[in-house]
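Input: a single structure, listed below in structure tokens.
The values are calculated or read from the model by the stated rules, or taken from the named source; none is laboratory data. Here the structure is a predicted model, which is why all the values come from computation and not from measurement. Here the Cβ positions follow ideal geometry from the backbone for every residue, glycine too, while neighbour counts run over all protein chains shown. The accessibility values were calculated without ligands, DNA or RNA, using every heavy atom of the protein model including side chains. Shrake-Rupley method; radii C 1.70, N 1.55, O 1.52, S 1.80 Å.
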Amino acid sequence: MSDTDVLVVGAGPTGLALGIDLARRGVPALVVERAGWLFPGSRGKGIQPRTMEVFDDLGVLDAIHAAGGGYPAGMIWRGGKRVGEHHMFDPAEPSEDAPYNEPWMVPQWRTQRILMERLEELGGKVAFGREVTGVVQDEDGVTARFASGGPVRARYLVAADGGRSVVRRAVGVGMTGEEVDPFPMLVADVRITGLDRDNWHFFPQGEGAEDLLAICPLAGTEDFQLVARFAEGREVDLSLEGVRRVVAARSHLAAEDVTEVRWASDFRPRAALADRFRVGRVFLAGDAAHVHSPAGGQGLNTSVQDAYNLGWKLGAVLGDGAPAALLDTYEEERRPVAARMLGLSTSVHRGETRRGGATRQLDLGYPASTLTAETRTAPGPVRAGDRAPDATVDGVRLFDAFRGPHWTLLALGADAPEPPAAVRVVRGPAHETYGAGLFLVRPDGHVGWAGDTPAGLPEYLARFGGC
């Protein structure tokens, strides 16, 4: 039986991001994947601004930028003619505090390859062809058994194995949810001739929502992502001929203009939330914990941020001597966020909310968390629990200072003692973005503690072991 500190089940964006975060902290971890290789399709193609900030910290932002592109304007077609543009997103300008302002399009298969390359660069690995069949835990650890190969023993296990999670079922956690849309849907990566790559093409058929056809050029590739909705109860044909029939019936394109189907899937949009995100030494993350409609691009992004929240906490407990109770805050912080994002993605899917400020996920925080301590009598614009925005303080860009697995103390117009070696310090005058005070920024980019003076800061840091 092999041993590791953390076993991560699933090599999707969630599992790979967690593997990266653990690897850079020196935490022994193994990522296992039931399939023989990474997921091959585009599916979650939108990287929201908050996730771009996470990818900046994890060291993959340059590769993500190079692999993708911005979203094109929508173009509505009727009778083979262009009849007007449709803007999918409310515009936003980049600013010093939020330098990544718009969603960035990268097909999911390419995002996962970038994440895996980064994981391997840090010394981590993915074991493919490892299908979990059972999980048993005790006071000291978790044992996972597989369809082939020997068992693996770990101190903690993270289920990142998708909406049909075997691990979630094995530990007896249910999901509560609803059907978002009764109409079956097709999503496919295709090669098409006769369409420009400057627009996201929409072909409305009339009043019936079941006749949707949308074809979007996938940035950084020669492919298009095709999405079609069908009447309730209709069987979805995933073959090349089936996709050709849909395109020929719903657009001005000929069937033979679809030259290849590279990947295809059918699904029924639903929203569901796991009843718990933790059972003993097992944690649920990503789609194993929350299943979203794809509308608004909230699923992959919420999932990556699950990993970002859990990674530093596992590192603190396993490597820095922090109390195991710190891990209780993962569910405390992430489950309410997941519930909020589920409501948002469902609302976007039903046309009740536009893709705008909320979908960028920059306003998410943990103000009610037991890890949040706001000790100032008159807090300024940034409070404990908030995302720590970017800024330039005395010539230092804060996102550069935050980058890495450490904590950061911002002393803005306030005196601060020299903190432990695990805490980086940035000193400067009061700043218009933050105001004045002391701001202790967690490894996941949220302000954990804020004060006018250092009183209480050493006690707060002592909760996290090496800090």
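Structure above, values below:
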read-out: Accessible area, probe 1.4 Å, largest first, for residues 5, 400, 198; value: 198, 400, 5
read-out: Inter-site label distance for residue 117 and residue 400 at 7 Å from Cα along Cβ, in nm; value: 2.5
read-out: Calculated P(r) tail over 17 Å for the stretch 23-155, as whole % of Cα pairs; value: 71
read-out: Approximate spin-label separation residue 267-residue 76, in nm, with each point projected 7 Å along Cα-to-Cβ; value: 2.7
read-out: Cut-off 14 Å, label 7 Å out along Cα→Cβ of residue 422, residues of the stretch 20-40 by amide N; value: 25-27
read-out: Residue 125 accessible area, 1.4 Å probe, all protein chains in place, Å² to nearest 10; value: 120
read-out: Share antiparallel - DSSP beta bridges, the chain, percent rounded to 5; value: 65
read-out: Nearest-ten-degree value, helix 108-121 long axis tilted from longest Cα axis of the chain; value: 40
read-out: Ranking by accessible area, most exposed first, for 256, 53, 241, 418 with a 1.4 Å probe; value: 418, 256, 241, 53
read-out: Förster-model FRET efficiency, 41 Å R0, residue 436 and residue 328, C-beta, rounded to 0.05; value: 0.80
read-out: Alpha-carbon centroid distance for the pair the stretch 401-447 / the stretch 216-247, whole angstrom; value: 49
read-out: Rounded tilt (10° steps) of 299-319 against the dominant C-alpha axis of the chain; value: 30
read-out: Probe 1.4 Å, all protein chains present, accessible-area order of 96, 121, largest first; value: 121, 96
read-out: Nitroxide proxy distance, nm - points 7 Å out along Cα→Cβ at residue 462 and residue 140; value: 3.1
read-out: Accessible carbon and sulfur surface of the chain relative to its total accessible area, %, 1.4 Å; value: 49
read-out: Computed lengthening from residue 453 to residue 148, 0.36 nm per intervening residue step minus Cα-Cα distance; value: 104.1 nm
read-out: Pairwise FRET efficiency - residue 363 versus residue 248, Cβ, R0 = 51 Å, nearest 0.05; value: 0.70
read-out: Relative contact order [Cα under 8 Å, 6+ residues apart], the stretch 11-124, whole percent; value: 42
read-out: Principal-axis tilt of helix 13-24 within the chain, Cα atoms, nearest 10 degrees; value: 30
read-out: Accessible surface, the stretch 72-170, averaged per residue in Å² (probe 1.4 Å); value: 50
